Amino acid sequence: MPETDFAIIGAGLAGCECALALAARGLRVTLFEQKPGYRSEAHVSNDLAELVCSNSFRSNDPASGVGLLKIEMRALGSRIMAAADACAIPAGKALAVDRESFARTISEMVTASPHIKLINRRIDSLDDAALAEAGAHTVIIAAGPLASDGIAREMADLCGHGHCYFYDAIAPIVWTASLDMGIVFRASRYGNENGDDNPGDYLNCPFTREEYEIFHAALCQGKIFQPAHTDEERHFEGCMPIEALAARGARTLAFGPLKPVGLVDPRTGKRPWAVLQLRPEKSNMETCNLVGCQTKLLQGEQLRIFRLVPGLGNAQFARYGSMHRNTYVNAPEVLADDLSLKNRRNIFLAGQITGVEGYVESAASGLWTALYLAGRAKGLPPSPPPPETALGALLCHLRRPVKNFQPSNAHFGLMPELGGKIKKKERRALYSDRARAAFQAWLASSPLP
C-alpha cells in the first residue's frame with residue numbers, strides 16, 4: 001500500500017481531528033479505537049471523542065491563549081471546532097458543548113468519511129498484527145491521557161526516563177431539578193453583558209462566611225480514594241482536586257474556583273463570601289457540572305460534603321467525581337521537531353500524550369500533525385506557525401528543553417515577550433494583536449495542503 005496511508009491509535013479529540021484532516025485531503029486512514037470492547041475508568045460512552053472531564057472548551061476571548069488557538073484552528077479547517085460550535089450551549093464567554101451531541105457529531109463525521117476505516121480494537125503494542133494489516137508506513141499514537149496499559153508500557157520502553165504521567169481529577173455532575181432554586185440563582189459574572197433578556201448562563205450557589213468555613217473544613221477532613229498504584233501521585237496544577245486546593249489555606253478556594261467577584265446574591269443584594277458555579281451540561285439544563293470541583297473524594301464523601309454547599313442540600317448526582325492517570329512524554333527529550341519519536345521516526349505522537357494539556361490544545365496537536373503529514377505526503381511539509389501565534393507557541397513548548405518538563409495549556413507565557421515597558425492591563429490585547437497578525441502572515445505565505 002502507498003506511503004500516503006496512515007494508522008492512528010486512539011479516536012479521542014486528537015485522533016479524530018487528525019484522521020478527519022488527513023481524510024479531507026484525500027489520504028487514507030485506519031483509525032483504531034478500543035471502545036466499545038474496552039473502556040478506561042473515565043469513559044462511559046461508546047462514541048468517539050468523548051469528553052470525560054468538563055464539557056467546556058474554555059474561553060472564547062481572543063485576548064486569551066485558548067481563545068486565540070480556537071481562532072487559528074477554525075482558520076485551518078478544524079473539524080473538532082466545527083462540531084463544538086455546532087453543539088455549543090450557553091456558557092457566558094466560554095465555549096461549552098452538549099457533550100453527548102458533540103461526541104455523536106464527531107462519530108458521524110468519522111463513519112461518514114470514505115477515507116477513514118474505523119476499527120474497534122485495542123492496540124497494546126506497536127508490533128500488533130492489526131497495524132501491519134492496515135498497511136500504513138506511518139503510525140500516529142493519539143491514545144491520549146487514557147492510553148491502554150499496553151501502549152503506556154510501550155511508550156515507557158521507547159522513551160525511557162522521558163516517560164511521564166500525572167493524575168487528573170473529574171468534577172461531579174448533578175441533576176438540576178434536585179437543586180434548591182430558592183438559594184441557587186442564575187447569573188453570569190458582572191451581570192448581563194449581552195444587553196438581552198438572558199439572566200445568565202451559570203447557576204450560582206452563594207456562601208456566607210460561616211457556610212464557606214464549614215465546607216472548607218469538611219473538604220480538608222474528607223476521605224479520599226487511594227488507588228492501588230505505587231506511583232507518586234502528581235497532579236496537573238491547572239486541574240488540582242478541590243480538596244488539595246483547600247488544604248493550601250483557608251481562603252485558597254475563595255480566591256480561586258469559588259471566587260465571588262462579579263456576582264450578587266439577589267436575596268441580599270450583596271456579593272457573597274464565596275460562590276460555587278454550576279455550568280449546564282445540555283441546552284435544556286437538565287444536568288450541571290460543579291465548576292472547579294474536580295475531586296478524588298470517595299463517593300459517599302462527595303455526597304456528604306457537596307451537599308453542604310448552599311442550594312445543594314438535596315442534590316442528586318448524575319455522575320460522581322473521579323480520578324485517572326494521564327500519560328505523556330518528555331517531549332523535548334524524546335520527540336523530533338515534527339513530533340515523531342527520535343528513535344522511531346515513522347511513529348508520530350498527537351494530543352495530550354505529547355505534553356499539551358486541554359481539549360483544544362489536544363485537538364490542535366492532532367490537526368497540526370495531520371497538516372504536516374499531508375504536506376509531507378505531497379512533497380512539501382509545511383513549516384510550523386511562528387512562536388508569536390498560539391499554535392506556534394504550543395509547538396515550541398514541546399521542543400524547548402527544560403529541566404522539569406510539564407504539560408501546558410495555551411497561554412501568552414509560552415510566546416516571546418513583547419519587549420519594552422507595557423502596562424499589565426494592556427499586555428493581553430497586545431499579545432493577541434501580534435499573534436493574529438503573525439498567524440495571518442504565516443497563513444498567507446505557507447503552502448498548506
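Let's see how each residue does on (1) modelled with pLDDT under 95; (2) open to solvent by 10 Å² or more (accessible area, probe 1.4 Å); (3) farther than 26 Å from Ala437 by Cβ:
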{"site": "Ala331", "(1), (2), (3)": "yes, no, yes"}
{"site": "Glu357", "(1), (2), (3)": "yes, yes, yes"}
{"site": "Ala370", "(1), (2), (3)": "no, no, no"}
{"site": "Lys378", "(1), (2), (3)": "yes, yes, yes"}
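At least 2 residues being without any contact (Cβ under 8 Å) to a residue 24 or more places away in the chain and more than 30 Å from Arg427 (Cβ to Cβ) is the threshold, and among the helices (runs of 4 or more DSSP H) wholly inside region 29-115 those reaching it are 79-86, 99-112. As for region 123-130, it holds at least one residue that is touching a residue at least 12 places away in the same chain (Cβ under 8 Å) and of a type in the set (Asp, Glu). Before we move on, is Gly311 at positive phi and open to solvent by less than 10 Å² (accessible area, probe 1.4 Å)? In short, yes. Just one of the listed residues (Ala156, Ala171, Ala152) is open to solvent by less than 40 Å² (accessible area, probe 1.4 Å), among the small types (Gly, Ala, Ser) and either at pLDDT 85 or above or at positive phi (or both), namely Ala171.
Against the numbered list (1) touching a residue at least 40 places away in the same chain (Cβ under 8 Å); (2) out of contact with any Cys (no Cβ under 8 Å at 6 or more places or on another chain), Thr369 comes up short only at (2).
Looking at Ala374, Ala393, Ala364, just one residue is closer than 23 Å to Asn55 by Cα and not in a loop (DSSP other than H, G, I, E, B), and that residue is Ala364. On inspection, Lys403 fails the criterion of being part of a helix (DSSP H, G or I), surrounded by fewer than 22 Cβ atoms within 10 Å (Cβ to Cβ) and not acidic (Asp, Glu). State which residue pairs qualify: first residue among the polar types (S, T, N, Q) and assigned to a loop (DSSP other than H, G, I, E, B) and inside region 176-203, second residue open to solvent by less than 60 Å² (accessible area, probe 1.4 Å) and at pLDDT below 95 in any location, beta carbons under 7 Å apart, and separation of 6 or more residues or different chains. Once the first residue is among the polar types (S, T, N, Q) and assigned to a loop (DSSP other than H, G, I, E, B) and sits in region 176-203, its partners that are open to solvent by less than 60 Å² (accessible area, probe 1.4 Å) and at pLDDT below 95 give Ser188/Gly92; Ser188/Gly200; Ser188/Asp201; Ser188/Tyr202; Asn192/Asn198; Asn192/Gly200. Apart from one condition, Glu211 fits all of (1) among the charged types (D, E, K, R); (2) assigned to a loop (DSSP other than H, G, I, E, B); (3) modelled with pLDDT of 95 or more; the exception is (2).
All conditions in (1) at pLDDT 95 or above; (2) touching a Phe, Trp or Tyr at 6+ places or on another chain (Cβ under 7 Å); (3) over 30 Å from Asp127 (Cα atoms) hold for Ala86, with the sole exception of (2).
Counting only residues that are buried (at least 21 other Cβ atoms within 10 Å of the Cβ) and more than 24 Å from the chain's Cα centre (by Cα), region 19-28 holds 1 of them.
Does region 269-281 contain any residue that is open to solvent by 50 Å² or more (accessible area, probe 1.4 Å), in contact with a strand residue (DSSP E or B) (Cβ under 8 Å, 6 or more places away or on another chain) and over 30 Å from Tyr328 (Cβ atoms)? For region 269-281, residues open to solvent by 50 Å² or more (accessible area, probe 1.4 Å), in contact with a strand residue (DSSP E or B) (Cβ under 8 Å, 6 or more places away or on another chain) and over 30 Å from Tyr328 (Cβ atoms): present.
Any idea which residue in region 30-84 is farthest from Ala444 (Cα to Cα), counting only those that are surrounded by fewer than 16 Cβ atoms within 10 Å (Cβ to Cβ) and of a type in the set (D, E, K, R)? Here the residue is Glu41.
The values are calculated or read from the model by the stated rules, or taken from the named source; none is laboratory data. All values reported here derive from a predicted model rather than from experimental measurement. Neighbour counts are summed over all protein chains in view; Cβ atoms, including those assigned to glycine, are modelled from backbone coordinates with ideal geometry. Note: accessible area is taken over every heavy atom of the protein model, side chains too, but ligands, DNA and RNA are not part of it. Shrake-Rupley method; radii C 1.70, N 1.55, O 1.52, S 1.80 Å.
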